[in-house]
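Undergrad: First the structure, which I've put down as structure tokens, then a few questions once you've had a look.
The values are calculated or read from the model by the stated rules, or taken from the named source; none is laboratory data. Because the structure is predicted, anything quoted here is derived from the model rather than measured. All Cβ positions, even for glycine, are placed from backbone atoms using ideal geometry, and neighbour counts span all protein chains on display.
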Amino acid sequence: MVSVILAPVMNPNFLRSVDEMWTTILFGLMYTTTGLYGLIWLFKYLDKKYDWLKDIWKRLIIGLIAVEIWSVLIYVVITPLLLIVFKQESLPVILRALKTNIAYPLFMGLPGMLVIAAIEFFKNWKLSYLKQERLKAEMMAYQYEALHNQLNPHFLFNSFNVLSSLVFESQELAVRFIDQLSDLYTRVLDGRNKQLIPLADELEFIQSYSFLLKTRFEDKLDISIDVDAQDDERIAPMVLQLLIENAVKHNRISKDEPLCITIQKKDKAVEVSNPLRLKRAGDESKGTGLQNIRQRYKFFTDQPVEVVTTDKDFVVRVPLLTQEQEI
């Protein structure tokens, strides 16, 4: 159909004879077929390099240039072949025809490019919309789960055991312990409906959490925090607390082998690391907590939550987000 429609444009005299008509239509068919499959290949390649939603103008401009180059290329290659095979034209005639009609491929490639671009854009927009809706549903599920698992119940049980001992040993320390525990749960309740919180708030939360853990384990545990939080830096709530909890849960802690947990900022990420000393051989985490963190971060950024395990250390790098990424 496209070849028939383009026939009068390619050859105003295409109705002069049956041979002229079929030759013109054949020419058009060769152009449109090679042009179409070339466009499909080009768009598949460009789709891997540029995102339709994030780089739409760059995608359109580069796509337009690529289509024009491809259209001229197939015109310059196919036209001489067809003229030689079907019309036995001489080289001067072929060169004159190429020069006279060079503008045709520039205009004929444009409509196809625009149609395919529109189809690809709306297809990618639909996929992005469905992905966002799926991630929102997953986020709601994680938030619902978090409401039931704000803090490990064993942590609360152990905290009350420590508190019962402190009441008799040091009332001053017991009062401070109660204040920190109260502050901890206040922050949990304040952040339960928030998807992102300032990094400074998470660090204050960790300070309270660390105090309670250090009071319990004394010199068996050391938590070092070296992070300078900026005003625009955001993080998912209770992420650092979960990483500290996992380190305490799965590693040996004793006076001979104190557990040292380090929290520091590196390359727009917060890195939590600890020596890998599993309580028992093969006592590995199921990874539910880390998977939870990864899924939550997929909702905000393409940057991955990195987990690096060596023979000696376990390191998790959580990307820092910005206020603009908060939904």
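Undergrad: Restricting attention to the range 93-124, and to residues there that are at pLDDT below 75 and of a type in the set (Phe, Trp, Tyr), which single residue is surrounded by the most Cβ atoms within 10 Å (Cβ to Cβ)?
TA: Of everything passing the filter in the range 93-124, 104 is surrounded by the most Cβ atoms within 10 Å (Cβ to Cβ).
Undergrad: I'm trying to understand the selection: among the residues of the range 70-92, which are surrounded by fewer than 13 Cβ atoms within 10 Å (Cβ to Cβ) and either at pLDDT 75 or above or within 20 Å of residue 42 (Cα to Cα) (or both)?
TA: 76, 77, 81, 88, 90, 91, 92
Undergrad: Consider residue 174 against the criteria (1) assigned to a helix (DSSP H, G or I); (2) in contact with a helix residue (DSSP H, G or I) (Cβ under 8 Å, 6 or more places away or on another chain); (3) of a type in the set (Gly, Ala, Ser); (4) under 27 Å from residue 313 (Cβ atoms): it satisfies all of them except one. Which criterion is unmet?
TA: (4)
Undergrad: OK, next. Looking at (1) modelled with pLDDT under 90; (2) over 19 Å from residue 206 (Cα atoms), which is the one condition that is false for residue 309?
TA: (1)
Undergrad: OK, next. Which residues, counting only those in the range 172-207, are buried (at least 19 other Cβ atoms within 10 Å of the Cβ) and small (Gly, Ala, Ser)?
TA: Within the range 172-207, 191 is the sole residue that qualifies.
Undergrad: Can you tell me which condition residue 142 does not meet? The list is (1) at pLDDT 70 or above; (2) surrounded by 12 or more Cβ atoms within 10 Å (Cβ to Cβ), and all the others hold.
TA: It fails just one condition, (1).
Undergrad: Here's another thing I want to ask about it. Can you tell me which residue among 316, 227, 307 is closer than 26 Å to residue 182 by Cα, of a type in the set (A, V, I, L, M, F, W, C) and assigned by TED's automatic domain parsing to the domain that holds residue 180?
TA: 227
Undergrad: Then there's this: Find all pairs meeting these conditions: Cβ atoms under 9 angstrom apart; at least six residues apart or on different chains; first residue within the range 169-189 and over 15 Å from residue 159 (Cα atoms); second residue surrounded by fewer than 17 Cβ atoms within 10 Å (Cβ to Cβ) and of a type in the set (Asp, Glu).
TA: 187/204
Undergrad: In the range 218-252, what count of residues is obtained for those that are surrounded by 17 or more Cβ atoms within 10 Å (Cβ to Cβ) and either among the hydrophobic types (A, V, I, L, M, F, W, C) or not in a helix (DSSP H, G or I) (or both)?
TA: Final tally of qualifying residues: 18.
Undergrad: Name the pairs whose Cβ atoms lie under 9 Å apart, with the first residue in the range 210-222 and closer than 16 Å to residue 181 by Cβ, the second among the hydroxyl-bearing types (Ser, Thr, Tyr), and 6 or more positions between them or separate chains?
TA: As it stands, the answer is 212/159; 215/159; 216/159, since those pairs meet every condition given.
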